[in-house]
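See structure below.
Please treat every number below as a calculation from the coordinates, not as lab data. This one's a predicted model, so the numbers in the text were calculated from it and none came from an experiment. In this analysis, Cβ positions are derived from the backbone assuming ideal geometry, glycine residues included, and neighbour counts consider all displayed protein chains.
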Amino acid sequence: MSPENGKLLPETDAGGLNFKATELTLGLPGESRVTSDGVAKLGSKRGFSETVDLSLGDNKDSNKLGQFQINVPEAAKSPVSKAQVVGWPPVRGYPKRGTKSCKYVKVAVDGAPYLRKVDLEMYNTYQQLLTSLEDMFSCFTIRNYLNDKKLERVNGIEYVPTYEDKDGDWMLVGDVPWHSSNDTYKTFKRKLNEEALYMKHPRN
Amino acid sequence: MHKKTAFSFPDEVLEHVFSFIQSDKDRNSVSMVCKSWYEIERWCRRKVFVGNCYAVSPRMVIKRFPEIRSIELKGKPHFADFNLVPDGWGGYVFPWIVEMAGAVPWLEEIKLKRMVVTDESLELIAKSFKNFKALVLSSCEGFSTDGLAAIAASCKNLKELDLRDCDVDDLSGHLLSHFPDTYTSLVSLNISCLGSDEVSFSTLERLVCRCTNLRTLRLNRAVPLDKIANILRRAPQLVDFGTGTYAADLRPDSYSDLAGAFSSCKELRSLSGFWDVVPDYLPAIYPVCSKLTSLNLSYATIQSPELIKLVSHCPNLQRLLVLDYIEDSGLEVLASSCKNLQELRVFPSDPFGVEPNVSLTEQGLVAVSSGCPKLQSVLYFCRRMSNEALVTVAKNCPNFTRFRLCIIEPRTADYQTLEPLDVGFGAIVQYCKDLQRLSLSGLLTDRVFEYIGTYAKKLEMLSVAFAGDSDLGLHHVLSGCESLRKLEIRDCPFGDKALLANAAKLETMRSLWMSSCAVSFRACKLLGQKMPRLNVEVIDERGPPDSRPESCPVDKLYIYRTVAGSRFDMPPFVWTMEDDPSLQLS
């Protein structure tokens, strides 16, 4: 399957999203303009308050983003918070323990003009990662092999999450337990699963 | 006529009697009865606690107590936990190990807190003490897993290896594989602070399998959830267990495996860990919840509904550590479910955010104080407080021994009346007659210190920040708190007068810390000169204090009593104020 197969970009779709995807904006291509809880998202670097998504109440996915540390390194603090007083509030800092190395991997989606990078350390499960990738590449639908759910399809095409491991083989996401496989990822790629598409999900 | 008195008992009899006296205080009292009791006691003392490693020299300790088997040392001031003590300040354990290696070869136990421990020290321990049994390092730093490997490899009788909140250079040396195959004596292992991603699970499982006396096992974040079941099945006798990462993609078979493994642990009373919690897996611990007495959820980023469900399953809980995600609603459920609760710690999930991110207020604290009659120890972070709430809490809990309240924004007033919180904290010290430890916050005037000096007669440790108006505040505390041992103050307008007027008091205390206050260099020099049994140390990273006018306030000041004289290991940014015999008080 050739990655340059530009024909995979749908020409038409129900909501005219295709045009929006190539529209020149401040956001990154493929990125949705609003987050899942309806807040307008800027195309800016995630600040601390976004890495710990603290919506109150019933959103059970609200903790999916980010890992938590009681003491937050200076660089991660939200621009909204005031100048920090040293040692206040008196929370214990474990500088080395709290900060883990970032594990950035490239994500390419067939047909998207840009690649993205994700930090695998931000996620605890495959589900969280896939949901986040779906958010990033909202023009495309990702087939969820883990739970075999049918995700909402916007444009009739499903993508399969695969990755290239350290041996150079293309592997399907989800076979190996999340935490043991982290260090073998190099690049994610979404490949069009045309065969599955035609066999199981006939187009409208 | 030959008069027989108790003092004519043979030494062996007295020694036998003394062996039943374990507490340091009582041992100290025994040693002061008379010279012969002093002599007998010092030969049979087995445990020594040194609250400030610079208060006495290792040689002095060993000379007086040549037969010790256990030593506990504390190094840096408490405020080092909050980055107020610069790196390199001190607290090195190596000189102690060197002295003991030579003179006390039968040493079995070393417990250290806030000390700098090097691999060299650990290797010397491993080499020198043939019957070494327990190493407990609490908030220590300076060593790597190589040093720990030496302990694991050499100490055949090791029972306890406990690394609590240490900053370990994790070189991924597969620490656990250094325990020999013949080694089976492990009772307690806490590696929760190790950062490495590499844990050999098969090594861990084999270790757990052959150490049948294992009671405490606290794993680190690197151990994934799907390994927990195997470990628990191999150690059903565990009493205290700390999970690693509590997250995995939800699979029905792994969930039931985990739940089954937990239910096989009939002795489990304490749980901790729970990094990266995925709520769907929490019910796996329900089988053990009814017997749990201690639960540490301070790393569990789960919301109030899940916390409520969990807490409702634990009616015998005595100790709970939790994030403020529990919210007032969760604390109300805690108050109604956990009638045996003795200790509660609520940590902030977003300590540096300006706006509250959760609905946790003074109400939660009031609810717990009302519902939990055995509550003794509280650490509570919140963003608003009122005098009314504090008075209610004080009346509800006259048995408090430790009360630490941190209102996140400094100098926050009573949110209802906009007054200072003097009256509220005053009620705490007035009603809680056995209060040993108190931490203040919020808007406070000299008045609160007047209350503290008047009522807090059993208070041993006081922490103060952004409070008070004048020297009078400090004077109230130093002149009134009869049991005071440790006083730590930051960002308060306390200066020379109170300190110099109460100089003698400082010899009755372990230590005084003052940073960003108004104590002049001149006063420090004077204090150092007049009080030979105090070390008066100025910490100032701006440069030598005598490069500025004498009236300039010093940055940080640490004063402690000592019989060892000035220390020799000070870094360039610490200056000790020298004694001047001609100025000493008689």
Would you mind getting the Kirkwood hydrodynamic radius of the stretch B:1-128 from its Cα pairs, rounded to one decimal in Å? 16.4 Å
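Using the Cα centre of the stretch B:440-586 as the reference point, and only Cβ charges (+1 on K/R, -1 on D/E), how large is the resulting charge dipole? Debye, rounded to the nearest 20.
Working: 18 positive and 20 negative charges, 81 e Å.
Around 380 debye, computed over the stretch B:440-586.
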Which log10 I(q)/I(0) values does the stretch B:364-456 give at q = 0.15, 0.22, 0.24 Å⁻¹ under the Debye formula, counting every alpha carbon as one identical point scatterer? -0.48, -1.09, -1.31
Unit charges on C-beta of K, R, D, E only; dipole of chain B, Debye: 2340 debye
Cβ-derived FRET efficiency at R0 25 Å, B:Lys395 paired with B:Gln416, nearest 0.05: 0.90
Calculated P(r) of the stretch B:210-265 - Cα pairs past 15 Å, %: 45 percent
Mind listing P(r) for chain B? All alpha-carbon pairs, 20 Å bins, whole percents. 18, 48, 32, 2, 0
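Just counting partner chain Cβ atoms within 10 Å, what average do the residues of peptide B:349-359 show around their Cβ? Mind dumping the intermediate values first?
Working: counts 4, 9, 10, 16, 10, 5, 3, 0, 5, 2, 2.
What the average comes to for B:349-359 is 6.
Which net charge results when you count Lys and Arg as +1 and Asp and Glu as -1 among the other residues whose beta-carbon is under 12 Å from that of B:Ile308? Could the numbers behind the result be given before it?
Numbers: positive: B:Lys309; negative: B:Glu306, B:Glu327, B:Asp328, B:Glu332.
Cβ neighbours under 12 Å give a net charge of -3.
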Given axes a ≥ b ≥ c from the Cα gyration tensor, I'd like to know whether the stretch B:229-331 is rounded (a/c under 1.5), prolate (a/b larger than b/c) or oblate. oblate
Can you figure out the FRET efficiency of B:Lys63 with B:Glu409, using R₀ = 35 Å and their beta-carbon distance, to the nearest 0.05? 0.10
Simple SL model, points at 7 angstrom along Cα→Cβ for B:Asn28 and B:Thr184; separation in nm is 4.3 nm
What does the extension gain come out to for B:Val17 and B:Arg210, with contour length at 0.36 nm per residue minus their alpha carbon separation? 65.6 nm
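If you build the convex hull over the alpha carbons only and average its shadow over all orientations, what do you get for the stretch B:146-233? Give it in nm² to one decimal. Don't skip to the end; give the middle numbers.
Working: hull surface 20.3 nm².
Its Cα hull, projected and averaged over all orientations, spans 5.1 nm².
So what's the net charge close to B:Val30: Lys and Arg +1, Asp and Glu -1, counting the other residues with Cβ under 12 Å from its Cβ?
Working: positive: B:Lys25, B:Arg27, B:Arg42, B:Arg45; negative: B:Glu15, B:Asp24, B:Asp26, B:Glu39, B:Glu41.
Result for the local shell: -1.
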Shape of the stretch B:509-586, Cα gyration tensor, a/c cut at 1.5: prolate
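So for B:Leu321, A:Leu130, fewest C-beta neighbours within 10 Å to most, what's the order? Don't skip to the end; give the middle numbers.
Working: B:Leu321 18, A:Leu130 21.
Going from least to most buried by this count: B:Leu321, A:Leu130.
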Per-residue Cβ contact counts at 10 Å, fewest first, order B:Glu355, B:Glu108, B:Glu362 as B:Glu355, B:Glu108, B:Glu362
Placing +1 on each Lys and Arg Cβ and -1 on each Asp and Glu Cβ in the stretch B:228-371, then taking the dipole about the Cα centre, the residue among B:Ser290, B:His313, B:Ser264 whose Cα reaches farthest towards the positive end is B:Ser264
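Where does the charge balance sit around B:Val574 when Lys and Arg score +1, Asp and Glu -1, over other residues with C-beta under 15 Å from its C-beta? Working shown, then result.
Numbers: positive: B:Lys76, B:Lys525, B:Arg542, B:Lys556, B:Arg567; negative: B:Asp87, B:Glu537, B:Asp540, B:Glu541, B:Asp546, B:Asp555, B:Asp569, B:Glu578.
Net of charged neighbours comes to -3.
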Cα gyration tensor, the stretch B:96-168 - rounded (a/c under 1.5), prolate or oblate: prolate
Could you list, bin by bin from short to long, the percent of Cα-Cα pairs of the stretch B:251-396 in 5 Å steps? 2, 10, 19, 23, 19, 13, 7, 4, 2, 1, 0
Amide H proximity to B:Thr301 below 5 Å, modelled H, separation 5+ or other chain, gives B:Asp276, B:Val277
